[in-house]
Amino acid sequence: MIKHKLSIKGLITCAKQFCEQESKTPNKELFSVTDGKAVGTHIEHKFKDFLLSKYDLSVGSSASGIDLPSVEINTDIKVTSIKQRQNFRNY
């Protein structure tokens with residue numbers, strides 16, 4: 001299967017699909033985990049794997065500073081809790 005480059009539109013579509021999928025998935029690895037950073041890292045890695053299964057893209061690491069460093073995307077992934085939602089503004 002030939003994988004296409006990820007676009008912003010594709011990223012948004014995949015993010016919605018991933019969230020719908022994950023909301024129905026029992027992440028047994030996270031049962032009893034209260035460390036928000038550990039939860040965020042786990043979900044970020046799953047989302048990167050989800051994207052890599054569908055698209056040809058570059059992924060960064062926590063050490064490199066940005067999660068999706070390609071010129072077309074240049075985006076960092078953030079996982080937030082429903083208990084501590086983040087406010088995002090469009091610039």
Of the residues that sit in segment 1-22 and are charged (D, E, K, R) and in contact with a helix residue (DSSP H, G or I) (Cβ under 9 Å, 6 or more places away or on another chain), which one is nearest to THR80 (Cα to Cα)? GLU22
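Quick one: count up the residues across segment 23-46 that are part of a loop (DSSP other than H, G, I, E, B) and out of contact with any helix residue (DSSP H, G or I) (no Cβ under 8 Å at 6 or more places or on another chain).
Number of matching residues: 8.
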Hey, ASP49 surrounded by 10 or more Cβ atoms within 10 Å (Cβ to Cβ), touching a helix residue (DSSP H, G or I) at 6+ places or on another chain (Cβ under 8 Å) and within 15 Å of ALA15 (Cα to Cα) or not: no
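Considering only segment 14-58, state which residues are among the basic types (Lys, Arg) and closer than 19 Å to ILE73 by Cβ.
First, pick out the residues of segment 14-58 that are among the basic types (Lys, Arg): 16, 24, 28, 37, 46, 48, 54.
Across segment 14-58, the qualifying residues are LYS16, LYS46, LYS48, LYS54.
Throughout, read-outs are computed from the coordinates displayed, never taken from laboratory work. On a predicted model such as this, the values are computed, not experimentally measured, just so you know. Neighbour counts run over all protein chains shown; Cβ positions are idealised from the backbone, glycine included.
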